[in-house]
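The block underneath contains the structure these notes are about, expressed in structure tokens.
The values are calculated or read from the model by the stated rules, or taken from the named source; none is laboratory data. The structure presented is a predicted model; accordingly, all values stated were derived computationally and were not measured. Virtual Cβ from ideal backbone geometry, glycine too; neighbours counted across all protein chains shown.
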Amino acid sequence: MQDLHLLYTSRYDTLAQDTLRLNPDQVRYWWQVIEDRYCEVHRRYHTLEHLAFLLRKLEDETARLKGGILLTSQDLRDLQLAVFFHDLVYDPARQDNEEVSARIFESDFYADVQKVQFQRNAQLLEDKSVRRVARWIRETAGHKHDRLLADKDLVGSLFLDLDLSILALPDSEGYERYTKSVAFEYTYSVLSPDCFTLGRLNFLSSLLPEEPEEDPHRVDSTSTAPDLKSNKKASLQLFGPLHEDWESLAVANCEWERDKLKHEIRTMSALRRSRAKAELFYVQRVAPKISTMFQHPTTDTAALAIVAAGSVLVAGVSILFLMRKTVLNKQH
């Protein structure tokens with residue numbers, strides 16, 4: 001852990017002090033902002049450790065890509081800025097995390113850089129770089145490479161690859177830790193564990209190719225680690241042209257996680273599954289519409305209204321399920 005701390009603090013200090021030449025108060029202030037945000041109590045994956053992972057991955061990729069895509073010092077600076085700011089705002093209950101993170105970078109942080117530029121009469125961070133870093137941050141909302149590649153922005157495509165590189169982790173235990181960390185973040189205050197399990201399964205199923213029909217006599221093997229040597233053709237299309245070889249690892253990891261979640265759902269009672277489905281329907285379909293009724297959907301009033309409405313819906317479905325079960329029992 002000490003090595004990780006040294007990694008992200010040393011990279012930040014070099015970036016803020018030496019490259020951008022912020023004054024000591026600004027350096028301390030922005031590090032405090034970053035540290036406070038990434039150490040929020042509801043985070044388990046989107047933490048300072050995530051930053052260290054990306055910074056280390058960036059160094060590995062810089063060395064690997066020599067002779068291919070040439071990363072300039074400006075590119076490396078912009079990539080590091082994107083790493084530090086891309087998850088500055090992270091709350092699973094919000095739908096605008098990337099947008100707000102980008103605004104803080106391009107408005108508040110850049111305002112401090114401009115003050116230094118004015119004082120020193122030096123161009124330390126170009127407007128073009130600010131725009132592209134903010135764009136990269138916004139693109140992490142969907143991790144789609146099409147628009148970046150249409151503008152021949154391979155560096156931006158590289159950043160999106162880095163942000164999702166955890167999915168192609170060759171270490172099965174590390175991938176399992178990642179899945180548990182993400183589950184914690186969503187179930188801390190947003191979803192019930194059962195609802196998260198169902199929603200995560202739907203998400204993974206939408207990424208992966210359709211499965212053949214299950215053999216009812218098949219022995220479940222959910223405890224096995226991901227088959228990282230699988231020869232199945234990758235079809236997630238999560239990564240850009242620089243990292244197409246990561247797809248097969250990501251497929252193996254996601255298939256293992258999907259099978260594990262399916263096993264968990266099979267062990268749920270019918271009532272638990274019904275509650276989870278009702279909650280997921282509410283979260284995906286109803287809550288976003290309620291949010292539009294409020295100017296600031298993340299305010300306490302909106303949050304309370306959303307939670308209250310969701311609780312009523314889930315409770316209602318549960319009561320209907322129990323009534324139906326009682327009627328069927330009487331009939332038999």
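Filtered by the rule that a residue be crowded, with 16+ Cβ neighbours inside 10 Å and assigned to a loop (DSSP other than H, G, I, E, B), region 115-130 gives a lone residue, L125.
The residues in region 41-79 that are closer than 21 Å to I166 by Cα, out of contact with any Phe, Trp or Tyr (no Cβ under 7 Å at 6 or more places or on another chain) and in a loop (DSSP other than H, G, I, E, B) can be counted, and the count is 1. What are the pairs with Cβ atoms under 6 angstrom where one residue, in region 59-86, is more than 23 Å from A16 (Cβ to Cβ) and the other, located anywhere, is among the hydrophobic types (A, V, I, L, M, F, W, C) and modelled with pLDDT of 90 or more? Sequence gap at least six, or different chains. The qualifying pairs are I69/L154. Taking the conditions (1) aliphatic (A, V, I, L, M); (2) in contact with a helix residue (DSSP H, G or I) (Cβ under 7 Å, 6 or more places away or on another chain); (3) modelled with pLDDT under 95 in turn, L81 satisfies each one other than (3). Of all residue pairs spaced 6 or more apart or on separate chains, those with beta-carbon atoms under 6 Å, a first member in region 245-261 that is within 26 Å of R64 (Cα to Cα) and a second member that is among the hydroxyl-bearing types (S, T, Y) and in a helix (DSSP H, G or I) are N253/Y175. Of all residues in region 14-47, those being surrounded by fewer than 13 Cβ atoms within 10 Å (Cβ to Cβ) and either assigned by TED's automatic domain parsing to the domain that holds V182 or polar (S, T, N, Q) (or both) number 1.
Can we say L167 is modelled with pLDDT under 95 and either of a type outside the set (D, E) or loosely packed, with under 12 Cβ neighbours inside 10 Å (or both)? Taking the combined requirement at face value, the residue does not satisfy it. Taking the options V116, V130, name whichever one is of a type in the set (A, V, I, L, M) and at pLDDT below 95. So the residue among V116, V130 that is of a type in the set (A, V, I, L, M) and at pLDDT below 95 is V116. If the condition is being farther than 15 Å from L238 by Cβ, surrounded by 15 or more Cβ atoms within 10 Å (Cβ to Cβ) and not acidic (D, E), then region 189-204 contributes V190, L191, S192, C195, F196, T197, L198, G199, R200, L201.
Table: residues versus (1) in a loop (DSSP other than H, G, I, E, B); (2) of a type in the set (S, T, Y); (3) touching a helix residue (DSSP H, G or I) at 6+ places or on another chain (Cβ under 9 Å).
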| residue | (1), (2), (3) |
| --- | --- |
| I137 | no, no, yes |
| H143 | yes, no, yes |
| L149 | no, no, yes |
| K152 | yes, no, no |
| L158 | no, no, yes |
| D161 | no, no, yes |
| L167 | no, no, yes |
| E173 | no, no, no |
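Scanning region 116-175 for residues that are within 22 Å of E59 (Cα to Cα) and among the polar types (S, T, N, Q) turns up S129, T140, S157, S165. I need the full set of residues from region 133-158 which are among the charged types (D, E, K, R) and closer than 22 Å to R37 by Cβ, in order please. Of everything in region 133-158, those that are among the charged types (D, E, K, R) and closer than 22 Å to R37 by Cβ turn out to be R135, R138, E139.
Scanning region 131-151 for residues that are loosely packed, with under 13 Cβ neighbours inside 10 Å, under 16 Å from Q237 (Cα atoms) and acidic (D, E) returns a single hit, D146.
As a summary of the residue check, S157 satisfies the conditions (1) under 18 Å from the mean Cα position of the chain (by Cα); (2) of a type in the set (S, T, N, Q); (3) farther than 17 Å from L238 by Cβ except for the one numbered (3). Kindly indicate whether V133 is assigned to a helix (DSSP H, G or I) and closer than 19 Å to R28 by Cα. Criteria not met by V133.
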